[in-house]
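Worksheet: one structure, shown below.
Rule-based calculations on the coordinates, nothing more; no lab input. Nothing here was measured: the structure is a model prediction, and the numbers come from that model. Every residue, glycine among them, receives a Cβ derived from its backbone with ideal geometry; neighbour counts consider all protein chains shown.
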Amino acid sequence: MADPLYDGLNGPAVPDIPALPRIIAVANQKGGVGKTTTAINLGTALAAVGNRVLIIDLDPQGNASTGLGIARAQRTVNSYHLLIHAEPLAAATLATEIPNLDIVPSGIDLSGIEVELVDEDGREYFLKQSLEAAVSAAGPAYDFVLIDCPPALGLLTVNSLVAAQAVLVPLQCEFFALEGVSQLMQTIERVRAAFNADLEIQGIVLTMFDQRNNLSGMVETDVRDHFGDKVYETVIPRNVRISEAPSHGRPVLIYDTACAGSRAYLNLASEVISRERQTQHRQALARQGGGQPMGAS
Ligand SMILES: Nc1ncnc2c1ncn2[C@@H]1O[C@H](COP(=O)(O)OP(=O)(O)O)[C@@H](O)[C@H]1O
Ligand SMILES: [Mg+2]
């Protein structure tokens, strides 16, 4: 690929790239840690370097939809209809003002879905089935699908983890950053054991890093000690432009392309691409060698 972000990252060419898209769940059951901000801006950065990207807003609050400028009136067909198999993916998908970036908005009905589906067999697979149906009907329309999860470990997040190949975890640089993470890791383990053996952790991204605050540095050290190279090198700084952008219905990369927040999300995109390529390379080699593709790490 001609884009500079792709160059020099990935070593030898991948002989046999598995079927696209790569589906990444952005998950953490804590609210306010930067999931939605990461889904929007990582999605925009991946699109900016030439990937076709779909964001699925799976939070009833609909912040990803709002942050990408989708008015409520445009959300009549949304991720709820996808989950209950009432509409195909294409019917729920809207273009955004960013080239190559589409969104499935959320709807308020999502908040009742846990109760609504309580007696349905296989309800953990409903999102996966919708995405697979779209690929078999029309071929892979996207290189990346990012799922913006709600702040809970309930059925919506489980559906994302079952549909995804990888999970990306934003952690806010604050005192209780690691609190609750073991619960999230347990949920990931349970999803692997019961539904999706190949689910990987794409990575952990530190968000809202404040250089003037010693605590941020201490949290970073702690998280890196704990999770090692699962933590992306890129750290997302606390940046006022990032927090202003959603009220303009735009990703920060469009709102202020040159700010520190935008640069950080571009760097994160390049790390995500690099890790995806490494995964694909490893899987291709495993297939060539007749071995099993490596699953969860
Ligand atoms: N790097 C950042 N710098 C400043 N504000 C941020 C940053 N990341 C997120 N925010 C703000 O913090 C709040 C919570 O972020 P959000 O992405 O909505 O979290 P979540 O989806 O995990 O609930 C939002 O108001 C958002 O604009
Ligand atoms: Mg959110």
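Computed values, structure above
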quantity: Helical mean residue ellipticity (222 nm; -39500 (n - 2.57) per DSSP H run of 4+; nearest 500) of the chain; calculated: -12000 deg cm²/dmol
quantity: Kyte-Doolittle mean at least -1.0 and Cα axial length at least 24 Å: DSSP H helices in the chain; calculated: 260-288
quantity: Computed magnitude of the charge dipole of the chain (debye, nearest 20; Cβ of K, R +1, Cβ of D, E -1); calculated: 440 debye
quantity: Orientation-averaged projected area, Cα convex hull of the chain (nm²); calculated: 15.3 nm²
quantity: Ile56 long-range amide H proximity, modeled H, under 5 Å; calculated: Val104, Leu146, Ile147, Asp148
quantity: Long-range amide H partners of Ile201 with built H, under 5 Å; calculated: Val167, Ser297
quantity: Difference of contour (0.36 nm per residue) and Cα-Cα distance, Asp222 to Ile108; calculated: 37.3 nm
quantity: Rough spin-label spacing in nm, given labels placed 7 Å along Cα→Cβ, for Ala197 and Gln183; calculated: 3.0 nm
quantity: Extended-chain gain in nm, criterion 0.36 nm per residue less alpha-carbon gap, Arg190 and Gln211; calculated: 3.9 nm
quantity: Per-peptide average of other Cβ atoms within 10 Å, ordering 102-114, 270-282, 215-227, 30-42 highest first; calculated: 30-42, 102-114, 270-282, 215-227
quantity: Cβ-based charge dipole, the chain, positive-most Cα from Thr38, Ser106, Tyr125; calculated: Thr38
quantity: Residue-by-residue Karplus 3J(HN,Hα) for region 95-111, coefficients 6.51, -1.76, 1.60, Hz, glycine and proline x; calculated: 7, 9, 6, 8, x, 6, 10, 10, 9, 9, x, 9, x, 5, 4, 4, 5
